[in-house]
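Presented below is the structure to which this report refers.
The numbers here are math on the coordinates, done by the rules we state, and not lab data. Because the structure is predicted, anything quoted here is derived from the model rather than measured. A quick note on method: Cβ atoms are made from the backbone with ideal geometry, for glycine too, and the neighbour counts reach across all protein chains shown.
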Amino acid sequence: MTNVLVTGANRGLGLGFVKNYLGKNVNVVSTTRDLKSSKELLALKERFPNNLEIFELDLLKEGAGYTMANFLGDRPIDILINNAGVGSTNQHLQAVSPKPWLEVLKVNLIAPLMVTQSIIDNVKKGSDKKIYFLSSQLGSIADNTSGGMYIYRSSKTGLNQVVKSLSVDLKPQGITVVSLHPGWVKTDMGGPNAPVSIDESIEGMIKVIYATDIRDTGRFLNYNGKELPW
Ligand SMILES: NC(=O)c1ccc[n+]([C@@H]2O[C@H](COP(=O)([O-])OP(=O)(O)OC[C@H]3O[C@@H](n4cnc5c(N)ncnc54)[C@H](OP(=O)(O)O)[C@@H]3O)[C@@H](O)[C@H]2O)c1
């Protein structure tokens, strides 16, 4: 049975991945910052006691990756989905400042690689050997015609570069590494005016995850499978 790990799984797209994969009879390891308040995940755990695990993980905590690795032990992870991320307010030229910028970089750019570094042996033991990072079209330099959003854009542009390096480093070991844009999605982050529903985005991304393999490593893909410009 396939083992999938999803970070930031208590709401939004992370929760969407968990629900969809559980419906497909996949084993899911989900992470949340606060177990007690993760009501939907806890309800899913009651319905799928043998297929769902919930692990408390705050990406801002020192050594988060290593606590994750200790929890997993030597279990294989077939598909790792680095989903957790944050947006930011006050990102225009006159408002942007280092402190909130660094917090976003820690969560969106640095932590996903640290988690991946810590549990890479689990992915190597998996049969699929696939790693996906939730990036954003807003991280595309080629697509940036509207400016602004310094904090969020730079975090995802940096993440794309991380994905590229990781794909090169892990290719000899047969590990697929892909950057995914989920679309502009109706979540707390995307807001109510977003045109894409969580289900539509998740269906699309899961198709992409299923269809991609080592020949696609290092690509930047939209939720509908289309290539995005870096
Ligand atoms: N929605 C969109 O339109 C859109 C577009 C492009 C890219 N994305 C990307 O897609 C991913 C998921 O976005 P979303 O729309 O589902 O966002 P969301 O609804 O705001 O959910 C974000 C998730 O990340 C978790 N998270 C935030 N900070 C964390 C930390 N320090 N440690 C651990 N978990 C943390 C949150 O946990 P808490 O509940 O504890 O805060 C939550 O589970 C993000 O990487 C985002 O940048 C989203």
In sequence order, calculated HN-Hα J values of the range 120-129 (Karplus, 6.51, -1.76, 1.60; Hz; x Gly/Pro) | 4, 5, 5, 5, 4, 7, x, 8, 7, 6
What is the dipole size for the range 3-222, taken about its Cα centre, with +1 at each Lys and Arg Cβ and -1 at each Asp and Glu Cβ, in debye to the nearest 20?
-> 120 debye
Name the residue, out of F133, F71, F17, whose mean-square fluctuation peaks in a Gaussian network model built on the chain with Cα pairs under 10 Å.
-> F71
Specify the inter-centroid distance of the range 139-206 and the range 1-59, based on alpha-carbon positions, in whole Å.
-> 21 Å
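Could you pull out the GluC sites (Glu not before Pro) across the range 42-102 that fall in loop regions by DSSP (anything but H, G, I, E, B) with no more than 14 other Cβ atoms inside 10 Å?
Sites meeting the loop and neighbour criteria: E62.
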Highest average packing first - 164-171, 9-16, 89-96, Cβ atoms within 10 Å | 9-16, 164-171, 89-96
Packing-based order for 214-222, 31-39, using average beta carbon neighbours within 10 Å, highest first = 214-222, 31-39
Using only the alpha carbons, work out the radius of gyration and Dmax of the range 111-230 in angstrom.
-> 14.4, 43
R0 = 22 Å: FRET efficiency of E40 with F71, Cβ-based, nearest 0.05?
-> 0.60
Cα gyration tensor of the range 1-101 diagonalised, 5x eigenvalues square-rooted, in angstrom largest first, produces semi-axes 28, 16, 12
Expressed as an acute angle from 0 to 90° and rounded to the nearest 10, what is the orientation of the C-alpha long axis of helix 12-23 relative to the principal long axis of the chain?
-> 30 degrees
Just subtract the alpha-carbon distance of N25 and A194 from 0.36 nm times their residue separation and send over the number in nm, one decimal.
-> 57.9 nm
So how much slack lies between R33 and D121, counting 0.36 nm per residue of separation and subtracting their Cα-Cα distance, in nm?
-> 29.3 nm
Quote the charge dipole size of the range 92-230 about the Cα centre in Debye, to the nearest 20; the model charges only the Cβ of Lys and Arg (+1) and of Asp and Glu (-1).
-> 320 debye
Which links in K19/K130; K39/K226; K24/K124 stretch past 30 Å when you go from one Cα to the other?
-> K39/K226
Using a Gaussian network for the chain with springs between C-alpha atoms less than 10 Å apart, which of these wobbles most: P98, P195, P182?
-> P98
Over all directions, average the projected area of the Cα convex hull of the chain and note it in nm².
-> 12.1 nm²
If R0 is 25 Å, what FRET efficiency do you get for Q173 and L93 from their C-beta distance, rounded to 0.05?
-> 0.05
In degrees rounded to 10, the 0-90 angle between helix 198-211 Cα long axis and the longest Cα principal axis of the chain is 70 degrees
Residue-averaged [θ]222 nm for the chain, counting only DSSP H segments that reach four residues, each worth -39500 (n - 2.57) = -11500 deg cm²/dmol
What is the chain's relative contact order, in percent, from Cα pairs under 8 angstrom and six or more apart in sequence?
-> 18 percent
Once the piece of chain linking E227 and L60 is laid out straight, how much longer is it, given 0.36 nm per residue of separation minus the C-alpha distance between them?
-> 57.0 nm
